[in-house]
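S.K.: My questions will all concern the structure given below.
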């Protein structure tokens, strides 16, 4: 699965709102300047995020956008679903009835398993985790864990 630019930018925009939260709405132009996403594209991205109640908007001279919830309550899975409509690796994982072979297809179970794992990972990462830079590289986290268990510190 390859995330669309729209989904990646949605995460970037929500992260910007979390980082620059001053209990006042943040203008699209300010988000654009900091994220490198055009103001026009930001407006397109914010529509489905607003529809899913991830952001709120205020109109007027001092208007803009704020997060609707605390950053720790917004998972990447929710953001991606708001933008992409789902998280399934294949169409048959999302809608098994659409595939005539889903009940007998041996590879369907593999795609479903990977979808579940991917979905769980996205559910387990919040905007707050990104804000606090708490995302570990699983390759280094695994080696650090093994070293800690064996009593050998890593560099």
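The values are calculated or read from the model by the stated rules, or taken from the named source; none is laboratory data. Predicted, not measured: the structure shown is a model, and the values here were computed from it. With ideal geometry, Cβ positions are generated from the backbone for all residues, glycine too; neighbour counts draw on all protein chains shown.
S.K.: Restricting attention to the range 1-18, report how many residues are in contact with a helix residue (DSSP H, G or I) (Cβ under 8 Å, 6 or more places away or on another chain) and modelled with pLDDT under 95. Lay out the reasoning, then the answer.
M.R.: Let us first name the residues in the range 1-18 that are in contact with a helix residue (DSSP H, G or I) (Cβ under 8 Å, 6 or more places away or on another chain), namely 1, 3-4, 6-7, 9-18.
Cutting the leftovers down to modelled with pLDDT under 95 gives us 1, 3-4.
Final tally of qualifying residues: 3.
S.K.: Of the residues 97, 33, which is part of a helix (DSSP H, G or I), free of Cβ contacts under 8 Å to residues at least 60 places away in the same chain and farther than 23 Å from residue 131 by Cβ?
M.R.: Numbers: 33 fails: farther than 23 Å from residue 131 by Cβ.
So the residue among 97, 33 that is part of a helix (DSSP H, G or I), free of Cβ contacts under 8 Å to residues at least 60 places away in the same chain and farther than 23 Å from residue 131 by Cβ is 97.
S.K.: Considering the range 80-90 alone, what residues qualify as being in contact with a helix residue (DSSP H, G or I) (Cβ under 6 Å, 6 or more places away or on another chain) and either surrounded by 16 or more Cβ atoms within 10 Å (Cβ to Cβ) or in a helix (DSSP H, G or I) (or both)?
M.R.: Quick first cut of the range 80-90, residues in contact with a helix residue (DSSP H, G or I) (Cβ under 6 Å, 6 or more places away or on another chain) only: 80, 82-84, 86-90.
Within the range 80-90, 80, 82, 83, 84, 87, 88, 89, 90 meet the criteria.
S.K.: Within the range 58-73, is there a residue that is surrounded by fewer than 18 Cβ atoms within 10 Å (Cβ to Cβ), modelled with pLDDT under 95, in contact with a helix residue (DSSP H, G or I) (Cβ under 6 Å, 6 or more places away or on another chain) and more than 26 Å from residue 133 (Cβ to Cβ)?
M.R.: no
S.K.: Could you go through the range 112-127 and let me know if any residue there is under 13 Å from residue 75 (Cβ atoms), at pLDDT 85 or above and in a loop (DSSP other than H, G, I, E, B). Write out each step before concluding.
M.R.: Just the residues of the range 112-127 that are under 13 Å from residue 75 (Cβ atoms), to begin with: 118-127.
Then keep just the ones that are at pLDDT 85 or above; that gives 118-127.
Retained after the next criterion (residues that are in a loop (DSSP other than H, G, I, E, B)): 124-125.
Checked the range 112-127: at least one residue is under 13 Å from residue 75 (Cβ atoms), at pLDDT 85 or above and in a loop (DSSP other than H, G, I, E, B).
S.K.: Farther than 21 Å from residue 8 by Cβ and under 22 Å from the mean Cα position of the chain (by Cα), is that true of residue 64?
M.R.: On the way: farther than 21 Å from residue 8 by Cβ: yes; under 22 Å from the mean Cα position of the chain (by Cα): yes.
Criteria met by residue 64.
S.K.: Looking at (1) under 27 Å from residue 18 (Cβ atoms); (2) modelled with pLDDT under 90; (3) crowded, with 16+ Cβ neighbours inside 10 Å, which is the one condition that is false for residue 134?
M.R.: (3)
S.K.: Name every residue in the range 30-56 that is in contact with a strand residue (DSSP E or B) (Cβ under 8 Å, 6 or more places away or on another chain), surrounded by 16 or more Cβ atoms within 10 Å (Cβ to Cβ) and closer than 16 Å to residue 82 by Cβ, in order of residue number.
M.R.: Result: 46, 49, 54, 55.
S.K.: Inspect the range 15-29 for any residue being within 21 Å of residue 2 (Cα to Cα) and touching a residue at least 60 places away in the same chain (Cβ under 8 Å) and give the result as yes or no.
M.R.: First, pick out the residues of the range 15-29 that are within 21 Å of residue 2 (Cα to Cα): 15.
Subset that is touching a residue at least 60 places away in the same chain (Cβ under 8 Å): 15.
The answer is yes; a qualifying residue exists.
S.K.: May I ask you to verify whether residue 77 is modelled with pLDDT of 85 or more, in a helix (DSSP H, G or I) and exposed (fewer than 14 other Cβ atoms within 10 Å of the Cβ)? Steps first, please.
M.R.: On the way: modelled with pLDDT of 85 or more: yes; in a helix (DSSP H, G or I): yes; exposed (fewer than 14 other Cβ atoms within 10 Å of the Cβ): no.
In short, no.
S.K.: Do you know which residues across the range 9-29 are surrounded by fewer than 16 Cβ atoms within 10 Å (Cβ to Cβ) and part of a helix (DSSP H, G or I)?
M.R.: 19, 29, listed by residue number.
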